[in-house]
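No value in this document is a laboratory result; all are computed from the given coordinates. Every value quoted in this text rests on a predicted model; they were computed, and no experiment measured them. Glycine gets a Cβ as well: all are built from the backbone with ideal geometry, and neighbour counts include every protein chain shown.
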Amino acid sequence: MIPADLRYHHEHEWARVHGGQATVGISHFAQDALGDIVFIDLPKVGTVVNAGQQIGEVESTKTTSTIYTPVGGTISKVNTDLKDHPEVVNSDPYGKGWMVVIDLTDGGDVDKLMTAAQYEAFLSTQKH
Amino acid sequence: MKHTPLIDRHRAHGAKLVDFAGWEMPIQYASVVDEYHRVRTKAGLFDVSHMGRIAVSGPGSLAFLQRMTTNDVRKLAVGQAHYSMVCNERGGIKDDIFVYRTAESDYLLCVNASNREKILQWITEHQRAAGDACGIEDRTSDLAQLAVQGPASRDILLAVGADNVAGLKLHHSCESRPAGIPCFVARTGYSGELGYEINVPADKAADLWTQLLKKGEDAGLKPAGLGARDLLRLEMGYLLYGNDIGEDTTPLEAGADWTVAFQKGDFIGRQALQEQAQAGPARRLVAFELLEKAVPRHGFRILDPSSSRPIGEVASGNLSPLLQKGIGLGYVLSSFAPPGTALAIEIRGKILPAAVVKPPFYKRKA
């Protein structure tokens, strides 16, 4: 449930780096803790964001959770399929449940994120 | 934490368990939204054994319950039930309950899990003080309660041999034998669907649970958790104690005027409620829907859209799976209560337009 090729933020977002871009979503742990996701509010394409900044919200039947971007840059793509099918984040958090693509300002942001092994160790310290 | 007799079944089904008023209860088995849709289209099986069941019996029970509750208990025929309130002297709601008349002088109260001990203490003190000739017995631990809710629920009860529930009218009850087990079955529920609540001896509850799921399988019956139950009740505008009502809100403010029978004689809270009825409550609980997709939550501010002045607060809110809109209940100044009134809800700094609507949000197909 923790893909080895991604990097992870302590707020449970992941980043998949490809060229000068990163695709961002929330982890399996995050979707499982939220329960059934019913609505996702995402930023507009063109928005400039800094690493660690709030970029949206995930609403589940239980609660609301803030989405933090693990990397800084310019939002270049938003997953519009999530508007009608937010539940995809529950079923496929690392695939079809991706949220935004960000043109990276500083590739160094990625190096500050956890590796899969580090994230796994981090999760074991979290109360589930 | 307290456990119902079905805890092992919940664990075997892989339920997500949470602390609910001191009880470890299933909030969901697989998916809240799937369980919600199953109840709206087929049927769901709920464990609601955490609800307090209190028997009141004896020749003085009618007079006693007339004083302790707001609705008119004289109107109940044997085998009939109604929704009612237990109020404090200020007219504030100590609990919202169901009163079942089970025999000539016997009644069963179904109270909220979170209020069980408080209500037991409250009614016991009043019974002692007044010397009413009635007994009060907490039946919660010896009776489990299963709810079968959804359009297929009648067929499912017939499939387990509870033949005499076939003609049961809404808010009526009878002794029956689902799966051969002697039970008290009522056509009541918290979902807005056709449904039944079954009080079953605690030691037979797991057996009944298994038999219902087995015989109800073809009709689509599956377990459903408290998460689905909350969505179902919110779409009906049913009140949730602790969120929508409490000791500082009255039945009149909550829009439950119909549970207050002023003409029946004295009851606790009557004077305060009568004064409020004459003056008109300053605030009222309304149902509202958001005009843009977003999710209102408990505690969010409600504003007058023309001046952005705060006029109230959200009590309950969620995204309606049926309407795919944010819906909620909230208290507003009475001048904003008529259906159609424009409101605004403040959601994390954003001001979103909303409108008062007449509940329920969902109407069952006839």
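Entry note, chain A: the mean residue ellipticity at 222 nm calculated from DSSP H runs of n ≥ 4, each adding -39500 (n - 2.57), is -4500 deg cm²/dmol after division by the residues and rounding to the nearest 500. In chain B, the calculated helix contribution to ellipticity at 222 nm averages -6000 deg cm²/dmol per residue, counting -39,500 (n - 2.57) for every DSSP H run with n ≥ 4. The alpha carbon centroids of the range B:101-176 and the range B:287-366 are separated by 34 Å.
With the gyration tensor restricted to C-alpha atoms of the range B:110-221, the semi-axes of the equivalent ellipsoid amount to 30, 14, 13 Å, longest first.
Of B:152, B:282, B:219, which has the largest mean-square fluctuation in a 10 Å C-alpha GNM of chain B? Highest fluctuation among the options: B:282.
Think of each Lys and Arg Cβ as +1 and each Asp and Glu Cβ as -1; about the Cα centre, that makes the dipole of the protein assembly as shown roughly 980 debye. Semi-axes of the equivalent ellipsoid of the range B:200-325 are 35, 25, 11 Å, computed as sqrt(5λ) over the eigenvalues of the C-alpha gyration tensor in descending order. Please report the net charge: other residues with Cβ closer than 11 Å to the Cβ of residue B:221, K and R +1, D and E -1. Net charge around residue B:221: +2. Mean-square fluctuations from a GNM of chain B, with a 10 angstrom spring cutoff on Cα atoms, peak among B:332, B:33, B:314 at B:33. Think of the protein assembly as shown as having a plus end and a minus end, set by charges on the Cβ of Lys, Arg, Asp and Glu; of B:280, A:54, B:342, B:280 sits farthest toward the positive end of this dipole. Of the trypsin sites (Lys or Arg not before Pro) found in the range B:103-191, those in coil by DSSP whose Cβ has at most 10 other Cβ atoms within 10 Å are B:169.
Straight-line cross-link partners of residue B:363 among the aspartates and glutamates, defined as a Cα under 15 Å from its Cα and at least 8 positions apart when in the same chain: B:193, B:235.
Comparing A:74, A:23, A:61 in a Gaussian network model of chain A (Cα springs below 10 Å), the most mobile by mean-square fluctuation is A:61. Counting GluC sites (Glu not before Pro) as exposed when in a DSSP loop with at most 16 other beta carbons within 10 Å, what is the longest stretch of chain B free of them? With a cap of 16 other Cβ atoms within 10 Å, the longest stretch comes to B:105-216.
Could you tell me whether chain B comes out rounded, prolate or oblate from its Cα gyration tensor? Rule is a ≥ b ≥ c as square roots of the eigenvalues, rounded for a/c under 1.5, then prolate if a/b exceeds b/c, otherwise oblate. The shape class here is oblate. When the pairs B:16/B:204; A:83/B:16; A:62/B:215; B:94/B:358; A:62/B:2 are compared against a 29 Å limit on Cα-Cα distance, A:62/B:215 fall above it.
Rounded to the nearest 5, the antiparallel percentage of DSSP beta bridges internal to the protein assembly as shown is 95%. The equivalent ellipsoid of the range A:7-126 has semi-axes of 20, 18, 11 Å, largest first, where each one is the square root of 5 times an eigenvalue of the Cα gyration tensor.
Classified by the C-alpha gyration tensor, the range B:52-138 has a rounded form. Its axis ratio a/c, with a ≥ b ≥ c, is below 1.5. Dipole orientation for the protein assembly as shown: of the candidates B:221, B:133, B:73, B:73 has the Cα lying most toward the positive pole (charges on Cβ; Lys, Arg +1; Asp, Glu -1). Scanning residues 5 or more positions from residue A:26 or on other chains, those with amide H under 5 Å from its amide H are A:14, with H placed 1.01 Å from N in the peptide plane. Taking amide H as placed 1.01 Å from N in the peptide plane, the amide H of residue A:105 sits under 5 Å from that of A:72, A:73, A:74, each at least 5 places away or on another chain.
Along chain A, the exposed loop sites are trypsin sites (Lys or Arg not before Pro) outside DSSP states H, G, I, E and B with at most 14 other Cβ atoms within 10 Å, and the longest stretch free of them is A:45-95.
Of all the Cα-Cα pairs you can form in the protein assembly as shown, what percent are over 35 Å apart? The proportion of pairs with Cα distances above 35 Å equals 41 percent. Percent antiparallel among DSSP beta bridges with both residues in chain B, to the nearest 5? Antiparallel: roughly 95 percent of the beta bridges in chain B. Local charge for residue B:30 was computed over the other residues whose Cβ lies under 11 Å away, with Lys and Arg +1 and Asp and Glu -1, and equals 0.
Note on the range B:52-138: with charges restricted to the Cβ of Lys and Arg (+1) and Asp and Glu (-1), its dipole about the Cα centre is near 160 debye.
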